[in-house]
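J.: Below you'll find the structure I mean.
Taken together, the values in this text are just the output of simple stated rules run on the coordinates, not laboratory data. What you see is a predicted model; the values in this text were computed from it and never measured. With ideal geometry, Cβ positions are generated from the backbone for all residues, glycine too; neighbour counts draw on all protein chains shown.
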Amino acid sequence: MTAQRTDLITGGVIAVIGAVYYIATFSIQETANIVTPRTFPAIVGIALIVLGLFLAGQAVYRARKTALAEAGPGVGDAPGVGIGDGAAASAGEAADPHEPRGGVTLEVPPEPATRKVVFQFALFFVYLAILIPVGFLLSTAAFLMGLTSIYAPEKWIRNLIFSVVFAVIVYGAFVYGLAVYLPVGILG
């Protein structure tokens, strides 16, 4: 099974889970407040749908791009023009399919290692487990510190500052802006 097909299936499954989750939010009782108990679960459901569709769309795009590249030079181009520099094609030389047009080279970011993805999921479930007993501020800062350290461990000071500032801003926005109280945990 190719990576594109796996991403397509995964994206579809995530979108379906998001749709089911979103539909389930309609069984939550409404209140008179601006932010109801249904608001956050609905946002999560919609985000799952959007992200699942984005992943599936990305897989379709990559599969189409791969199919065009495998079809060879000239597919999708103007007649008689291959992939590569126009000077090489006009000089009678074979155009190099790996040479970019216009001389611009873009590096493809590496795919995340399976170990990193598994670690992220494990970190997320630990975050969910400690959120209420430890409190939102500390658990969110620790979660974000761990998450950002997966990709840039050498920039731990930046990661720490980002984690603490982001957690404080979100906490302030919910508690003081929306009057939605988050778990205080051991700080309360």
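J.: Filter the stretch 23-64 down to residues that are farther than 24 Å from A173 by Cα and more than 16 Å from the chain's Cα centre (by Cα), then give me how many there are.
T.: Of the residues in that region, 9 qualify.
J.: Something else: Given V164, V170, which one is part of a helix (DSSP H, G or I) and either under 23 Å from N33 (Cβ atoms) or touching a residue at least 40 places away in the same chain (Cβ under 8 Å) (or both)?
T.: V170
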